[in-house]
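The values are calculated or read from the model by the stated rules, or taken from the named source; none is laboratory data. Just so we're clear, the structure is a prediction, and the values are computed from it rather than from any experiment. In this analysis, Cβ positions are derived from the backbone assuming ideal geometry, glycine residues included, and neighbour counts consider all displayed protein chains. For accessibility, only protein heavy atoms count, side chains too; no ligands or nucleic acids. Shrake-Rupley method; radii C 1.70, N 1.55, O 1.52, S 1.80 Å.
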Amino acid sequence: MKGIKKKIRDNKYLNWILILTNWFFQSIINADRTEKIYKISFSIIFMILTYVILNQLVSYPAINLILISFVIAHTLNWIVNGNFYNLIIHRLLLDQISKVDLFNYLISLENKLKDKDWIVYAASFGSICNGNLKDSSDVDISIVRKPGLKNAISAIVFSVLEKKYADLNKIPLELYISDTPENSMKRFTVEKNPVVVYDKENTIDKYYDEKLTIVDAKKLNGVV
């Protein structure tokens, strides 16, 4: 699958397909339970609201209104809960970002998470873990939340706001909410040495034999 994505991404005539697939799937299939329920509920609620409004304004057949309502609601979901610079830089290769800027973002994220009481740990995965960070790389972040509805809501709100902050600052962010450390490990099975962004209780030590600090990762990726 990764090979197919790379071929599409590297072809300037085909890589626009990635926009359509990104809009349609929105990382829902591979999302953890909390994020999956939130995104599906978001689309359903706004689809119903849109249908009710359109039904009062126009006299289209019901099936047409349903399809239009789905497209509008799903697009709103994509805008609110997505990160466009991940698509622009990492998928479509239309822009670049320096490794220095990526690490500056990680440091800012570390500072933001210090006073959050709903989080177990946050870690970065991907090419940053093996020294292969490039100007087209994205920032893969897994935030493991504490159990409970309140913590789930706090994680969702933080995730939405952080993705918009990343967009405004041209950061290609891929942020995932994980309900448990085990679920986070299932998502990121390749890297065995996560870059720790936040881990107040050293919980990550129970699940990984190796880990990197942000400073370690900077040296590994040749950032002074």
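Placing a pseudo-label 7 Å from each Cα along the Cα-to-Cβ vector at Phe24 and Asn169 gives an inter-label distance of 3.4 nm.
Accessible surface computed residue by residue for the chain, with neighbouring protein chains in place and a 1.4 Å probe, gives 56 Å² per residue. Contact order normalised by length for the stretch 79-211, with contacts defined as Cα pairs under 8 Å and 6 or more residues apart; what percent is it? Worked out over the stretch 79-211, it gives 34 percent.
The calculated pair-distance distribution of the chain uses every alpha carbon pair, bins of 5 angstrom beginning at 0, and gives 1, 6, 13, 17, 18, 17, 12, 7, 4, 3, 1, 1, 0 percent.
Take every pair of alpha-carbon atoms less than 8 Å apart whose residues are at least six positions apart; their mean separation over the length of the stretch 150-218 yields a relative contact order of 24 percent. Taking all Cα pairs closer than 8 Å and separated by 6 or more residues, the relative contact order of the stretch 132-177 comes to 58 percent. Share of carbon and sulfur in the accessible area of the chain stands at 62%, probe radius 1.4 Å. Using the Cβ-Cβ distance between Leu67 and Lys186 with R0 = 35 Å, the FRET efficiency computed as 1/(1 + (r/R0)^6) comes to roughly 0.50.
The Cα atoms of the stretch 85-162 cover 39, 22, 18 Å along the three principal axes, with the biggest extent listed first. The stretch 164-212 gives an Rg/Rh value of 1.02, both radii derived from C-alpha positions and Rh following Kirkwood.
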